[in-house]
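For reference, the structure I am asking about is given below.
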Amino acid sequence: MGYTLGQKLIQSHLVSGDMTPGSEVGIRIDQTLTQDATGTMAYLEFEAMGVERVRTELSVAYIDHNTLQTGFENADDHRFIQTVCKKHGIRFSRPGNGICHQVHLERFGIPGKTLIGSDSHTPTGGGIGMLAIGAGGLDVAVAMGGGTYYITMPKMVRVNLTGKLNPWVAAKDIILEVLRIMSVKGGVGKIIEYGGEGVKTLSVPERATITNMGAELGATTSVFPSDEVTRSFLKAQGREQDWIELLPDADAQYDEVIEIDLSSLAPMAAMPHSPDNVKSVTEIGQIKVDQVCIGSCTNSSLLDMLKVAAILKGKTVHPDVSLSIAPGSKQVLNMLAQNGALADMIAAGARILESACGPCIGMGQSPNSKGISLRTFNRNFEGRSGTADAGIYLVSPEVAAASALTGVLTDPRTLGDAPQVTLPAEFLINDNMVELPASPEEAKDVEVLRGPNIKEFPVTKALPASIEAKAVLKVGDNITTDHIMPAGAKILPYRSNIPYLSKFCFGQVDPDFSERCKAEGKGIIIGGANYGQGSSREHAALVPLYLGVKAVITKSFARIHQANLINAGILPFTFANEADYDNIELGDELRLPDVRALIAQGKPVTLENMTKKESYPLAYSFSQRQTDMLLAGGLLNYTRENAN
């Protein structure tokens, strides 16, 4: 039996384990990336390991999240990352060079290579045939130090694409259709692999839009074949030598197959407040629009921007709409400026933002109160925009641009003929905003500069024999990492200051959570299904660790967050009987008796509710490595112990 593309990529990098779905495999990592909202902590962790120089083929640090500098904090973090990169052998992408995933796709991604990044949308690299996976910063730090990256061997899902997209229908509509079919938790424990004749009709930027937003499925990653389309893209980037052909075997077997006829798709939108709440634009109707934001790592490529410029050319944005556009990279912005497309956007009344994440992470451009905002982004979680009562719709650039002109949600097919846009045979190549590191000899004299906002990694301790603590929080299904540790302009500057950041933990869900945790000194969180979906931010584990959370017990977990909890030394259990979730209330006195000995021996663990005089069986499936990490008190302690 042949291999799927995902299996081939794992097999070629396999360090340990066997490729049986559900078992743990260790893979060699070729490349890493970080961004500044997660990078400061990742590099503090890397420093704590005592490794002088990165051992990957390529590691890049991007500044793209915390670019709104309203105080010294973000600038200090950027300076810290810049000096760490110079000293330890990491390339540094300066502020203004662009969004990590867009720039990495353009300049550094290589088919057949493995990439992990401290950002959940790292699977964007699957658009050129990489095994690209989002991970916590500590996992990235370990990989930079030459360590193996471990995942649960995923199942393989093939999305078979047939036909061809009709005019005005976009790659964004393909991934929205996949989300409609599979839901935000339908991809957990799976690699989504795209195939079929329809693949050949999609450019690399279109493929990257699909793999990028595959993160919202909860999937381990998504991947396209590396074919002649990939080769043409790399050639245009001056990197044809990086191309190799990568295809699944003809007799590969998949655990699941989804059929999508591209010609049957229509323009769609994800309605508030979930990326899988998908309907067609015509089904939703012509609702009034207050704001349109075009950009993010999902839809900021040159192809997207040229389409938007063509739609806007010679027209004026509706007077009731605020339109902002953020090109994804300096390369894109520069090429738009040179070919006149940027002038068309400006003339139409668009507000041009820097090449950064910006509004996608609540870094400016928050909508008006109760405002309707159409965004070409990947997430529309409640409050993520910075306006708690805003209604955020996720749409394609075509729908966004059309609606910006009309003032209502608009099916662009009503505008007549679609503009014909093609990618250039050659892109503008100028990597002057990527700093190379110092040589090993020169690096000895490089001083790493730290600002006063940069605090150390929270102290972790070995797992105690038993745990007794109150239920300090009880939450429902689909709790996101934005709920646990919000983003936004007011909070993101403190990502390197865990003590200060702790004030905002679960603030949207329960404003008293942080103070209650501090008063108790320790606690257990009770959660519903798909707990921890969303971004890879390890702060959603590190801050609860700092506040004394010892265990999180849920109906089910999102993959990256569960891994981050284990990395932090927090026990993640699920209810063996989901109905037991209903029996626990906020403030109940809970106990995990003999938990250290039980998980060390792989024996069943029981949660005792001392308040209700009840007990509930729990489920877990830790690998031996994960068990050892939890016993040690987390990945950092485990790494130190093994290094010694």
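The values are calculated or read from the model by the stated rules, or taken from the named source; none is laboratory data. No experiment lies behind these values; they were computed from the predicted model shown. FYI the Cβ positions are ideal-geometry reconstructions off the backbone, even for glycines, and counts take in every protein chain you see.
Just give me the residues in segment 289-306 being farther than 14 Å from Phe377 by Cα and either surrounded by fewer than 15 Cβ atoms within 10 Å (Cβ to Cβ) or of a type in the set (Ser, Thr, Tyr) (or both), in sequence order.
None; the set is empty.
Given the criterion over 20 Å from the mean Cα position of the chain (by Cα) and in contact (Cβ under 8 Å) with a residue 12 or more places away in the chain, identify the matching residue among Thr148, Thr152, Thr122, Thr114. I'd like the intermediate steps shown before the answer.
Working: Thr152 fails: over 20 Å from the mean Cα position of the chain (by Cα); Thr122 fails: over 20 Å from the mean Cα position of the chain (by Cα); Thr114 fails: over 20 Å from the mean Cα position of the chain (by Cα).
From the options Thr148, Thr152, Thr122, Thr114, the qualifying one is Thr148.
Sticking with this one: Could you figure out which of (1) under 17 Å from Ala558 (Cβ atoms); (2) out of contact with any Leu (no Cβ under 6 Å at 6 or more places or on another chain) isn't true of Gly187?
Looking at each condition in turn, Gly187 falls short on (2).
Now a separate question. For Gln365, are the conditions met, namely being in contact with a strand residue (DSSP E or B) (Cβ under 9 Å, 6 or more places away or on another chain) and assigned to a helix (DSSP H, G or I)?
no
Now, a different point. Which one of Glu538, Glu515, Glu520 is of a type outside the set (Lys, Arg) and free of Cβ contacts under 8 Å to residues at least 12 places away in the same chain?
Glu515
Condition (residue is without any contact (Cβ under 8 Å) to a residue 40 or more places away in the chain, in a helix (DSSP H, G or I) and crowded, with 19+ Cβ neighbours inside 10 Å) applied to segment 308-319: is it met by at least one residue?
There is at least one residue in segment 308-319 that is without any contact (Cβ under 8 Å) to a residue 40 or more places away in the chain, in a helix (DSSP H, G or I) and crowded, with 19+ Cβ neighbours inside 10 Å.
Further question: Look through segment 421-453, keep the residues that are of a type outside the set (D, E, K, R) and without any contact (Cβ under 8 Å) to a residue 60 or more places away in the chain, and return whichever of them is nearest to Pro319 (Cα to Cα). Reasoning before the result, please.
To start, the set of residues in segment 421-453 that are of a type outside the set (D, E, K, R) comprises 421-425, 427-430, 432-434, 436-440, 443, 446, 448-449, 451-453.
Next, only the ones that are without any contact (Cβ under 8 Å) to a residue 60 or more places away in the chain stay: 422, 432, 439.
Working: Thr422: 31, Asn432: 39, Ser439: 54 Å.
Once the filter is applied, the top-ranked residue is Thr422.
Sticking with this one: Determine, yes or no, whether Ser536 is outside any helix (DSSP H, G or I), modelled with pLDDT under 95 and more than 22 Å from Gly507 (Cβ to Cβ). So that I can check it myself, show each step before the final result.
Working: outside any helix (DSSP H, G or I): yes; modelled with pLDDT under 95: yes; more than 22 Å from Gly507 (Cβ to Cβ): no.
Here the answer is no, as Ser536 does not meet what is asked.
Among the residues of segment 579-595, is any crowded, with 19+ Cβ neighbours inside 10 Å, modelled with pLDDT of 95 or more and touching a helix residue (DSSP H, G or I) at 6+ places or on another chain (Cβ under 8 Å)?
no
Just give me the residues in segment 250-288 being over 27 Å from the mean Cα position of the chain (by Cα), farther than 30 Å from Pro225 by Cα and either among the β-branched types (Val, Ile, Thr) or surrounded by 19 or more Cβ atoms within 10 Å (Cβ to Cβ) (or both), in sequence order.
Of everything in segment 250-288, those that are over 27 Å from the mean Cα position of the chain (by Cα), farther than 30 Å from Pro225 by Cα and either among the β-branched types (Val, Ile, Thr) or surrounded by 19 or more Cβ atoms within 10 Å (Cβ to Cβ) (or both) turn out to be Thr282, Ile284, Ile287.
So Glu197 passes all but one of these: (1) touching a Lys or Arg at 6+ places or on another chain (Cβ under 7 Å); (2) over 24 Å from Val281 (Cα atoms). Which condition number does it fail?
Answer for Glu197: the failing condition is (1).
I've got another one for you. What residue, among those in segment 212-245 that are out of contact with any strand residue (DSSP E or B) (no Cβ under 8 Å at 6 or more places or on another chain) and aliphatic (A, V, I, L, M), is farthest from Gln533 (Cα to Cα)?
This residue is Ala236.
Which condition breaks for Val509 when tested against (1) aliphatic (A, V, I, L, M); (2) over 23 Å from the mean Cα position of the chain (by Cα); (3) outside any helix (DSSP H, G or I)?
(2)
Tell me which residues, restricted to segment 39-58, are crowded, with 24+ Cβ neighbours inside 10 Å and either modelled with pLDDT of 95 or more or not aliphatic (A, V, I, L, M) (or both).
Gly39, Thr40, Tyr43, Glu45, Phe46
Among Gln365, Gln338, Gln331, which is on the phi < 0 side of the Ramachandran plot and buried (at least 20 other Cβ atoms within 10 Å of the Cβ)?
Numbers: Gln365 fails: on the phi < 0 side of the Ramachandran plot; Gln338 fails: buried (at least 20 other Cβ atoms within 10 Å of the Cβ).
The unique qualifying residue is Gln331.
Considering only residues of segment 498-507 that are crowded, with 18+ Cβ neighbours inside 10 Å and touching a residue at least 40 places away in the same chain (Cβ under 8 Å), which is nearest to Thr70 (Cα to Cα)?
Leu501
Conditions tested, residue by residue: (1) within 22 Å of Glu216 (Cα to Cα); (2) in contact with a Leu (Cβ under 6 Å, 6 or more places away or on another chain); (3) crowded, with 23+ Cβ neighbours inside 10 Å.
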site: Arg495; (1), (2), (3): no, no, yes
site: Pro511; (1), (2), (3): no, no, no
site: Lys518; (1), (2), (3): no, no, no
site: Ile526; (1), (2), (3): no, no, yes
site: His539; (1), (2), (3): yes, no, yes
site: Ala558; (1), (2), (3): yes, no, yes
site: Pro572; (1), (2), (3): yes, yes, yes
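So is Cys293 over 20 Å from Glu193 (Cβ atoms), touching a residue at least 60 places away in the same chain (Cβ under 8 Å) and touching a His at 6+ places or on another chain (Cβ under 6 Å) or not?
Answer is no for this residue.
Given the conditions (1) part of a strand (DSSP E or B); (2) among the hydrophobic types (A, V, I, L, M, F, W, C); (3) over 29 Å from Leu428 (Cβ atoms), and given that Phe381 satisfies all but one, which numbered condition is not satisfied?
Of the numbered conditions (1) part of a strand (DSSP E or B); (2) among the hydrophobic types (A, V, I, L, M, F, W, C); (3) over 29 Å from Leu428 (Cβ atoms), the odd one out for Phe381 is (1).
Part of a loop (DSSP other than H, G, I, E, B) and more than 30 Å from Leu428 (Cα to Cα): is that true of Ser274 in this structure?
Taking the combined requirement at face value, the residue satisfies it.
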